[in-house]
Structures are given as structure tokens and as C-alpha cells.
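Nothing in this text is a laboratory measurement; each read-out follows from the coordinates by a stated rule. Everything numeric in this text was worked out from a predicted model, so none of it was measured. A quick note on method: Cβ atoms are made from the backbone with ideal geometry, for glycine too, and the neighbour counts reach across all protein chains shown.
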Amino acid sequence: MIKFIGIPASPGIVIGNTFLYLENENNEIPRYSIKKNQVESEWKRLLLAFKEAAEEIRGLREKAELEISKEQAAIFAAHLLMLEDEELLSEIQVRLKAECQNIEWVFWNITHELSQKLIAAADPYLRERAVDIADISRRVLNILLKIKKFSLADLNRDVILAVHDLLPSDTLLMNKKRVKGLVMDVGGRTSHTAILARAFDIPAVLGLSSITREIQDGEKIVMDGTSGEVIIAPDRAVLKRYENAIGQYKKMVAGFSSIRELPSETTDGYRVTLMANIEIPEEAGHVLDYGAEGIGLYRSEFLFISPGKIAEEEEQYRAYSKVLKAMGDLPVTIRTVDVGGDKIIPELQNMNEKNPLLGWRAVRFSLAHSDIFKIQLRAILRSSLEGRARVMFPMISGIEELETALSLWEEAKAECRTQEQAFADNIPVGTMIEIPSAAMTADILAEKSDFFSIGTNDLIQYSIAVDRSNEKVNYLAQPTHPAVLRLLKMSIDAAHRGGIQAAMCGEMAGDAALSPLLLGLGLDIFSMGSLAIPAVKRVIRSASIESCRTLAEEALKCRYTKEVNALLEEWQREHEGGKAE
Ligand code: PEP
Ligand code: MG
């Protein structure tokens with residue numbers, strides 16, 4: 001029995017047999033010398049293989065467009081461009097002539113060197129592009145070597161897929177009904193594969209380093225996409241524990257449907273709104289299954305991050321329209337792009353910032369590129385007729401930035417009018433409160449905002465000065481730190497005094513243990529990963545607003561984080577088994 005801990009990338013617990021998919025590494029590349037007069041025929045072989053590969057990729061692009069989205073299809077469009085890359089072709093030709101080795105060997109060496117360079121790059125976007133090079137390289141080599149590649153589309157039994165890395169074409173093609181789980185050596189929570197796994201509801205643990213070297217094909221494993229645990233060859237006791245956990249998980253999911261239609265209100269009739277956070281348009285439909293009453297945060301930057309460039313107005317318009325249509329008459333809050341920090345788009349940003357988290361991020365970037373910003377604002381305006389759009393600006397640090405963003409919003413409206421492009425009246429425009437300076441001037445910001453949305457992931461990071469991705473200091477990032485509670489109170493009270501609603505879309509909103517505290521502080525809208533909604537609703541339905549207000553008052557008097565946590569635990573003990581269903 002071996003236990004691994006990876007990055008929990010898509011929730012769900014699975015016990016099953018693995019399917020070890022290592023086709024990238026298993027095939028040896030033949031190497032032999034050729035005569036000078038064979039150079040021409042080797043070159044022609046390559047051109048024919050390129051042609052065949054291009055046909056395959058065109059087929060995949062069409063499939064992606066039909067089954068997923070135009071944005072995913074763009075990956076294959078990029079693959080096609082690589083096959084037409086003059087520089088690549090000329091390097092292959094030059095080295096073929098100079099080295100007089102068979103074309104498979106020359107081609108493999110060049111693409112291998114290229115992908116190694118990309119893997120070594122500091123920039124995560126470039127590192128992810130190595131996957132695309134590997135995808136194309138494998139495709140062309142399979143054609144040259146006449147290898148019939150096993151397609152994951154042909155999987156005909158239930159498996160947990162174990163891979164080093166999943167190529168974009170594999171993710172798209174795999175038989176999603178048969179892939180019950182995914183474990184992978186590489187990848188993180190925001191990697192392409194993680195996002196797709198969540199959109200397809202496939203539990204996934206990524207970033208496991210060497211799992212494919214430890215696992216045998218067909219071996220039994222258990223995996224938990226919520227905790228990140230993967231256990232190879234589990235013993236009886238572990239199997240029993242996980243079987244129980246699956247039972248509980250199933251019960252929890254079954255309970256979702258019973259609670260889905262019930263209102264999110266306390267025992268004494270105080271009503272709040274529970275919404276979902278999404279990253280890609282395809283997620284929008286799914287959130288309704290968990291009882292989401294709207295989208296409280298659509299992280300629009302993923303439209304830019306995945307293809308690595310600015311999405312054009314039409315593409316953005318289509319994406320926003322898709323989300324709005326999927327949500328019908330429920331509100332959809334589109335956050336303008338939050339690039340920068342750890343979400344770098346090489347085409348747009350200088351990556352040599354000393355402190356990227358304090359740097360050219362989010363609305364700062366948008367205001368510096370008003371042309372790009374207005375493309376997004378126009379796309380939002382145009383899509384607004386498809387549903388109930390709301391828009392909000394990330395990382396506002398003070399009123400000046402908010403006013404500039406609002407004046408660009410007005411300019412975008414004027415441009416739409418000039419071009420006779422209709423849009424909805426009175427689209428609410430909100431401010432994200434995720435920098436301490438915004439929380440401290442929330443009363444001023446409320447005058448110009450239609451709502452607030454508190455981004456606690458960043459608010460905690462910036463108020464306690466702790467990089468949340470740094471595991472050495474991560475323990476300091478406590479949502480119940482007295483400073484965080486004061487900033488929350490300040491923001492929510494300022495919203496209410498200004499006559500607007502206070503929402504929260506940071507991870508804190510989805511932590512059911514903190515729900516009574518947030519209720520007591522007066523939060524109106526809780527937005528979270530959709531899976532968390534039923535558990536939060538259950539707690540809300542078991543609470544009285546009076547008890548929550550008392551709890552919040554007590555918590556605000558605490559001097560230590562641990563005191564606040566103890567109060568929350570005490571509250572939980574007293575309220576177990578309330579009204580819920
Ligand atoms: C936040 O900071 O809490 C937030 C919701 O934004 P993001 O996690 O995208 O930075
Ligand atoms: Mg944020």
C-alpha cells in the first residue's frame with residue numbers, strides 16, 4: 001500500500017482499477033543513418049506526415065467546436081499553425097541535411113529540445129505549451145512510424161485514468177462515461193485539464209509527481225478528488241474506510257436534490273442568496289443542479305489564459321451569452337479580467353515584476369489598456385440582452401480607479417449606441433473588495449457601486465501580508481483573524497449604509513463552518529464553488545439570524561483567531577440537527 005498526496009483538482013471519491021496511459025514514453029524512436037541522396041525522400045515523408053496530421057487535427061477542431069466550445073477548438077487551431085511554422089520546417093530541413101539521420105530521429109530531437117526549453121521556462125503559460133508540442137510531435141511520429149495509437153475514445157470499461165500528462169486532444173477524445181477518475185503526475189488546480197475535469201464532473205488528483213512510475217496497469221487504487229489522497233493497492237481497512245466515505249458522499253449528493261429547491265433562509269425566516277463561482281462557460285448549466293441562484297463570480301480571465309492571448313470581442317460575446325442563456329433569468333456576475341499575479345498572459349504582460357501580486361494585476365492592467373478593457377465591456381453589454389448580466393471590477397484600491405473604470409463603462413455604452421448595438425438597461429456594476437484600502441474606504445466606494453463582492457482570497461492575503469500559495473507561511477492565512485473580521489464588518493456595514501448589497505465570492509463564502517458568522521455579519525450573497533452550496537444551505541437553514549448576530553458580535557470582540565474558532569465550534573455543537581430539510 002502506498003499513499004500519495006496530490007493537488008485536489010476535481011471533487012469526488014473513486015475506488016477502481018487504473019488504466020495506465022503512457023503511450024508518450026513507451027515507443028522508442030528508431031535511429032539510423034541515411035545517404036545524402038535519401039535526404040529528399042525523407043523530407044517528402046515528413047511533409048506527407050504533416051499533411052495527414054493536419055487532417056486529423058482539423059477533425060479534432062471540428063469535434064471540439066461542436067462538443068465543447070470555440071475556445072477549446074482554438075487549441076487545435078494553434079496546433080495547425082505549428083505544423084505550418086516556417087521556422088520549424090526550415091530547422092528540420094537544415095538538420096536533416098546536416099545530420100543525415102532518419103527523419104523520425106531528426107524530428108523527434110528538434111521537438112524534444114523545444115519542449116524541454118518550454119518545460120524549463122519560469123512562465124506557467126510557456127510550460128503548458130510544452131504539452132502542445134508533445135501532442136503534435138507524438139501525432140506526427142505515430143504517422144511516420146505507422147503506429148496505430150490507442151484512442152481513449154475506445155475505452156470500453158470503467159477506469160481511473162493514470163497519466164503523466166493528458167494531451168488536449170486526449171482530454172477531448174476520451175470516453176468520458178468510462179473515465180471515472182483521473183490521476184496525473186503533473187498539473188495544478190487551474191491547469192487546462194483540471195478545468196475540463198471539473199466541467200465534465202470527473203474526480204481528479206493532479207500534481208502527483210511520479211504516480212505513473214509507482215502504479216501498475218489495472219491495479220486497484222482509491223482516490224479522493226477533494227482531499228488529494230491517492231492510495232495504491234489499498235488494504236482491507238482502507239478500502240472499508242473509503243467505501244464508507246463513498247457512501248457518505250453519495251448520501252450528501254443525494255441530499256443535494258432534496259435541499260436544492262428549498263430556500264436559503266434561517267429558521268426565523270431571514271433570506272440570503274447562494275450563488276456559484278465558475279471559470280468556463282460550460283460550467284454554467286451544472287451549477288443549477290446544486291441549487292445556485294445565480295453566478296456570483298464568472299472569472300472571465302480564463303477566456304484569455306487558456307489560448308494565451310486576448311479573446312476577441314465576438315469570442316467574448318459568445319462566451320458571456322452562453323453563460324447568460326444557461327442561467328435564464330438568474331443573475332450572472334461577469335468579473336472583468338483579473339490577469340497578472342499568477343495568471344500571466346505572455347502576449348500582454350511583462351513578466352519581470354519583482355512582486356507580481358503587488359503589481360500589474362486585474363483592473364490596474366485593464367485601465368492601462370483601455371482598448372482591451374473596452375472590448376470586454378462592449379462584449380458584456382452586447383450579451384446583456386441574453387439574460388440578467390451584472391459586471392464587477394477586480395482589485396479596486398480606491399475611488400479613483402472605480403471612477404475611471406466607470407467612465408470607460410460609459411464610453412463602451414456610447415460606442416455600442418453609435419454602432420446601433422442594443423444592450424440591457426441598468427446593468428448593475430459592482431466593486432470587488434479584496435484590498436484592505438478598498439475595505440477601509442468602502443463607504444466612499446459604496447456611493448458609486450451597485451453592489452460589493454468581497455474577494456476574501458486576496459483580502460486575507462493582502463491584509464495579513466501572506467502569499468497564500470507559499471506553504472511556509474500559509475498557516476497565517478486565517479479567515480477568522482480578527483483583522484479580517486473587522487475588514488468584513490467595515491465593508492458589509494458600508495454597503496448597507498449606502499443602500500447596496502454585500503456579496504462574497506472568496507473561498508470563505510463556501511466554508512459551511514463559517515456561514516453563521518457571515519450571516520451574523522450581514523452578508524447578503526454567498527458565492528462559491530457550486531459543490532459547496534448544499535452544505536452551506538444546510539447550515540443556514542439550521543440557524544436563527546438572532547443567534548448568528550450574537551455570534552458575530554462576540555467574534556468581533558475576540559483578540560485571538562483561536563477564540564473565534566472556539567466560538568464557531570461551540571455554535572456548531574449547539575445547532576447540530578436544526579431545520580435543514
Ligand atoms: C478573491 O480574491 O477572493 C477572489 C474571488 O478572486 P480570485 O480568487 O480570482 O483572485
Ligand atoms: Mg481576487
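Being over 25 Å from P11 (Cα atoms), among the basic types (K, R) and free of Cβ contacts under 8 Å to residues at least 40 places away in the same chain is the filter here, so list the residues in the stretch 134-188 that pass it.
Result: K146, K148.
Mind checking which pairs have a first residue in the stretch 219-242 that is free of Cβ contacts under 8 Å to residues at least 12 places away in the same chain and under 13 Å from I160 (Cβ atoms) and a second that is among the polar types (S, T, N, Q) and surrounded by 20 or more Cβ atoms within 10 Å (Cβ to Cβ), Cβ under 7 Å, 6 or more apart or different chains?
Short answer, once both residue conditions are applied: none.
Residue-wise test of (1) within 16 Å of ligand 2 (Cβ to nearest atom); (2) free of Cβ contacts under 8 Å to residues at least 40 places away in the same chain; (3) in contact with a His (Cβ under 7 Å, 6 or more places away or on another chain).
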residue	(1), (2), (3)
G359	yes, yes, no
L377	no, no, no
E401	yes, yes, no
T404	no, yes, no
Q421	no, no, no
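Looking only at residues in the stretch 463-482 that are hydroxyl-bearing (S, T, Y) and in contact (Cβ under 8 Å) with a residue 60 or more places away in the chain, which one is farthest from ligand 1 (Cβ to nearest atom)?
Among those that are hydroxyl-bearing (S, T, Y) and in contact (Cβ under 8 Å) with a residue 60 or more places away in the chain, it is T480.
For the stretch 373-406, which residues satisfy the criterion of being in contact with a Ser or Thr (Cβ under 7 Å, 6 or more places away or on another chain) and aliphatic (A, V, I, L, M)?
Across the stretch 373-406, the qualifying residues are A389, V391, M392, I396, I399, L402.
Kindly indicate whether T431 is among the hydroxyl-bearing types (S, T, Y) and within 22 Å of the chain's Cα centre (by Cα).
Criteria met by T431.
Here are some conditions: (1) farther than 23 Å from E279 by Cβ; (2) part of a loop (DSSP other than H, G, I, E, B). L208 meets all but one. Which one does it not meet?
Going through (1) farther than 23 Å from E279 by Cβ; (2) part of a loop (DSSP other than H, G, I, E, B) one by one, L208 breaks only (1).
Under the condition of being charged (D, E, K, R) and within 27 Å of the chain's Cα centre (by Cα), which residue from the stretch 481-516 is surrounded by the fewest Cβ atoms within 10 Å (Cβ to Cβ)?
It comes out as E507.
Being under 19 Å from A509 (Cα atoms), more than 16 Å from ligand 2 (Cβ to nearest atom) and surrounded by fewer than 21 Cβ atoms within 10 Å (Cβ to Cβ): is that true of L288 here?
Spelling it out, L288 is indeed under 19 Å from A509 (Cα atoms), more than 16 Å from ligand 2 (Cβ to nearest atom) and surrounded by fewer than 21 Cβ atoms within 10 Å (Cβ to Cβ).
In this structure, is G455 surrounded by 23 or more Cβ atoms within 10 Å (Cβ to Cβ) and in contact with a Phe, Trp or Tyr (Cβ under 9 Å, 6 or more places away or on another chain)? Give the steps one after another, and end with the answer.
Details: surrounded by 23 or more Cβ atoms within 10 Å (Cβ to Cβ): yes; in contact with a Phe, Trp or Tyr (Cβ under 9 Å, 6 or more places away or on another chain): no.
Considered against the rule, which asks whether it is surrounded by 23 or more Cβ atoms within 10 Å (Cβ to Cβ) and in contact with a Phe, Trp or Tyr (Cβ under 9 Å, 6 or more places away or on another chain), G455 comes out as no.
Go through the stretch 1-54 and tell me which strands (runs of 3 or more DSSP E), entirely inside it, have 1 or more residues that are surrounded by fewer than 17 Cβ atoms within 10 Å (Cβ to Cβ).
On the way: elements: 2-5, 7-10, 13-21.
Here the list reads 2-5, 13-21.
Could you check S453 against (1) within 12 Å of ligand 1 (Cβ to nearest atom); (2) under 18 Å from L357 (Cα atoms) and say which number it fails?
Going through the list (1) within 12 Å of ligand 1 (Cβ to nearest atom); (2) under 18 Å from L357 (Cα atoms), S453 breaks only (2).
In the stretch 275-307, which residue that is in a helix (DSSP H, G or I), of a type outside the set (A, V, I, L, M) and within 15 Å of ligand 1 (Cβ to nearest atom) is nearest to F526 (Cα to Cα)?
Taking the stretch 275-307 first, the residues in a helix (DSSP H, G or I) are 281-290, 302-305.
With of a type outside the set (A, V, I, L, M) added as a condition, the list becomes 281-283, 285-286, 289-290, 302, 304.
Among the residues that remain, those that are also within 15 Å of ligand 1 (Cβ to nearest atom) are: 283, 302, 304.
Details: E283: 18, F302: 22, F304: 26 Å.
Out of the qualifying residues, it is E283.
Restricting to the stretch 503-549, and then to whatever is within 16 Å of ligand 2 (Cβ to nearest atom), among the aliphatic types (A, V, I, L, M) and in a helix (DSSP H, G or I), can you tell me which residue is farthest from P281 (Cα to Cα)?
M508
What residue, among those in the stretch 470-484 that are more than 16 Å from ligand 2 (Cβ to nearest atom) and in a helix (DSSP H, G or I), is farthest from P516 (Cα to Cα)? Explain how you work it out, then say what you get.
Taking the stretch 470-484 and keeping what is more than 16 Å from ligand 2 (Cβ to nearest atom), we get 470-476, 478, 480-483.
If we keep only those that are in a helix (DSSP H, G or I) too, we end up with 474-476, 482-483.
Details: N474: 24, Y475: 23, L476: 22, P482: 16, A483: 18 Å.
Among those that are more than 16 Å from ligand 2 (Cβ to nearest atom) and in a helix (DSSP H, G or I), it is N474.
How many of the residues in the stretch 320-341 are more than 16 Å from ligand 1 (Cβ to nearest atom) and of a type in the set (D, E, K, R)?
Going through the stretch 320-341, the residues more than 16 Å from ligand 1 (Cβ to nearest atom) turn out to be 320-331.
So of that shortlist, the ones also of a type in the set (D, E, K, R) come out as 322, 325, 329.
Count: 3.
Out of R388, R417, report the one residue that is of a type in the set (K, R), surrounded by fewer than 19 Cβ atoms within 10 Å (Cβ to Cβ) and either touching a Gly at 6+ places or on another chain (Cβ under 7 Å) or under 17 Å from L297 (Cα atoms) (or both).
Going through R388, R417 in turn, the sole match is R388.
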